[in-house]
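Chemist: Quick one: this structure, given as structure tokens, is what I'll be asking you about.
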Amino acid sequence: MAARNRLPPWHDQIRLTNGREILIRPVRPDDAEPLRAGFGLLGPEEIRQRFLDRMPELSAEMANRLTRPDPKTEFALVAAEPLPPGEALVGGVARVAVVPGTRDGEFTILVSRYIAGLGAGRQLMRRLVRWAKGKKLERLVGDVLEDNQPMLALADSLGFRRETSDTPGAVRVVLDL
Ligand SMILES: CC(C)(COP(=O)(O)OP(=O)(O)OC[C@H]1O[C@@H](n2cnc3c(N)ncnc32)[C@H](O)[C@@H]1OP(=O)(O)O)[C@@H](O)C(=O)NCCC(=O)NCCS
């Protein structure tokens with residue numbers, strides 16, 4: 001009966017805590033340009049927390065790579081306006097990539113401050129965990145800067161534990177799957 005409302009796999013229309021509707025869906029090549037445009041709206045701190053480094057821009061090459069994940073080893077979701085890819089503004093991106101030679105998946109996530117604190121980060125992280133479990137990975141890991149209280153709190157609440165990271169100034173968060 002609800003067939004007409006059925007969305008493709010990994011597509012979910014969700015309501016943020018402020019009432020705004022967003023679509024969580026796999027990233028598409030057409031998202032590259034909106035992603036590059038959105039990057040210009042990010043603050044230096046958001047960029048540092050996500051990339052653990054400074055970055056003046058999201059190069060076309062990097063945007064192309066981010067929007068064309070290798071389906072065997074990578075999975076990337078966006079939290080976007082419910083409009084066709086290319087038109088939709090993208091407010092969040094979350095990605096997991098299998099670390100070569102291991103059963104670990106390494107995640108990264110960035111939710112723009114325009115929709116931060118409204119539940120998108122938790123929704124995206126839950127789906128990364130689900131994908132990693134489906135891939136029969138053993139662990140989901142991520143490097144988080146020590147001063148990144150929001151991400152550390154989110155990771156704690158999802159059951160991640162903390163380990164030492166090889167990246168200076170960062171903690172490794174680990175979820176056994
Ligand atoms: C960390 C981040 C992904 C959280 O996304 P978000 O959409 O704002 O998170 P949510 O609204 O889903 O909140 C989830 C949980 O995160 C924690 N959290 C979010 N914002 C927080 C804040 N300002 N202070 C403390 N904890 C916070 C809370 O535990 C919250 O759970 P609660 O709502 O039940 O209290 C987002 O802030 C972000 O992208 N930051 C910059 C990039 C980054 O740090 N990436 C992580 C390293 S890869």
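The values are calculated or read from the model by the stated rules, or taken from the named source; none is laboratory data. Everything numeric here is computed off the predicted structure, so don't read it as measured data. Here the Cβ positions follow ideal geometry from the backbone for every residue, glycine too, while neighbour counts run over all protein chains shown. These accessible areas exclude ligands, DNA and RNA; they are computed on the full protein's heavy atoms, side chains included. Shrake-Rupley method; radii C 1.70, N 1.55, O 1.52, S 1.80 Å.
Chemist: Looking only at the stretch 111-149, count every residue that is under 22 Å from L177 (Cα atoms) and touching a strand residue (DSSP E or B) at 6+ places or on another chain (Cβ under 8 Å) and tell me the total.
Modeler: Residues meeting the conditions: 19.
Chemist: Which of the residues spanning the stretch 60-86 are touching a helix residue (DSSP H, G or I) at 6+ places or on another chain (Cβ under 8 Å) and of a type outside the set (A, V, I, L, M)?
Modeler: Of everything in the stretch 60-86, those that are touching a helix residue (DSSP H, G or I) at 6+ places or on another chain (Cβ under 8 Å) and of a type outside the set (A, V, I, L, M) turn out to be N64, T67, R68, F75, P84, P85, G86.
Chemist: Go through the residues of the stretch 88-99 one by one and say whether even a single one is in a loop (DSSP other than H, G, I, E, B), within 11 Å of the ligand (Cβ to nearest atom) and open to solvent by less than 50 Å² (accessible area, probe 1.4 Å). Let's see the steps before the verdict.
Modeler: Taking the stretch 88-99 and keeping what is in a loop (DSSP other than H, G, I, E, B), we get 88-89, 99.
When the remaining residues are screened for being within 11 Å of the ligand (Cβ to nearest atom), the result is none.
No - not one qualifying residue is present in the stretch 88-99.
Chemist: Also, quick follow-up: Please give the number of the condition T102 fails out of (1) among the polar types (S, T, N, Q); (2) within 8 Å of the ligand (Cβ to nearest atom); (3) not in a helix (DSSP H, G or I).
Modeler: It is condition (2) that T102 fails.
Chemist: Being open to solvent by less than 80 Å² (accessible area, probe 1.4 Å) and either within 20 Å of L140 (Cα to Cα) or free of Cβ contacts under 8 Å to residues at least 24 places away in the same chain (or both) narrows it down to one of E81, E45, E57, E74, so name that one.
Modeler: From the options E81, E45, E57, E74, the qualifying one is E74.
Chemist: Same structure again: Select from the stretch 153-177 the residues that are under 18 Å from I47 (Cβ atoms) and touching a residue at least 12 places away in the same chain (Cβ under 8 Å) and list them in ascending order. Give the derivation first.
Modeler: Within the stretch 153-177, the first condition is being under 18 Å from I47 (Cβ atoms), and the residues that meet it are 167-170.
Correct list: T167, G169, A170.
Yes/no per residue for (1) more than 6 Å from the ligand (Cβ to nearest atom); (2) part of a strand (DSSP E or B); (3) among the β-branched types (V, I, T):
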| site | (1), (2), (3) |
| --- | --- |
| R122 | no, no, no |
| R127 | yes, no, no |
| K133 | yes, no, no |
| V144 | no, yes, yes |
| A153 | no, no, no |
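Chemist: Name every residue in the stretch 60-71 that is outside any loop (DSSP other than H, G, I, E, B) and open to solvent by 60 Å² or more (accessible area, probe 1.4 Å), in order of residue number. Outline the logic, then answer.
Modeler: Residues of the stretch 60-71 outside any loop (DSSP other than H, G, I, E, B): 60-66.
Across the stretch 60-71, the qualifying residues are E61, M62, N64, R65.
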